[in-house]
Amino acid sequence: MFAGHTRFASFPESILLTYVAKKRAEVAPGVGRETDMFIVPKLGGYVEVSVAEIDQFNAFYSDLLREQQAATGRANAAITKYVAELVATAAQITQTTNTQGVIETTATDNPTTTTPIERGD
């Protein structure tokens, strides 16, 4: 379900999603690293997927992992930059309450060393 698979997916896409699901399941106790795959083309029959074919599926899976890791790295760099900008902006604004209980916002040239975001407020 996570991958959005439907019965209308192509056969190659279904094979890839099945292999990816198996590889991801290997982190669970009791799921081994060895993979046996069978294709059921019609009721009552099956075809075993060869070791060479499974090795090729693994190559596609490895490519997918590399691309996901690269995308995760780009997303982490982008969010790090964005949060740093938020923190810098928050550090430049100081809110105070005047004697009448009204909150006043003023910019400061000397930002505090910790912000609500950094403190987890």
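The values are calculated or read from the model by the stated rules, or taken from the named source; none is laboratory data. Note that the structure is predicted; figures quoted are calculated from it, not measured. Note that we place each Cβ from the backbone using ideal geometry, even for glycine, and neighbour counts take in every protein chain shown.
For region 1-28, a residue qualifies if it is of a type in the set (A, V, I, L, M) and in a loop (DSSP other than H, G, I, E, B), and the qualifying residues are 1, 3, 9, 27, 28.
When the residues of region 34-69 are narrowed to those that are of a type in the set (A, V, I, L, M) and under 18 Å from residue 24 (Cα atoms), which ends up farthest from the chain's Cα centre (by Cα)? Out of the qualifying residues, it is 37. So which residues in region 25-71 are basic (Lys, Arg) and either touching a helix residue (DSSP H, G or I) at 6+ places or on another chain (Cβ under 8 Å) or modelled with pLDDT under 90 (or both)? Of everything in region 25-71, those that are basic (Lys, Arg) and either touching a helix residue (DSSP H, G or I) at 6+ places or on another chain (Cβ under 8 Å) or modelled with pLDDT under 90 (or both) turn out to be 33, 42. Being more than 23 Å from residue 68 (Cα to Cα), free of Cβ contacts under 8 Å to residues at least 40 places away in the same chain, part of a helix (DSSP H, G or I) and of a type in the set (Val, Ile, Thr) is a condition met by at least one residue of region 35-52.
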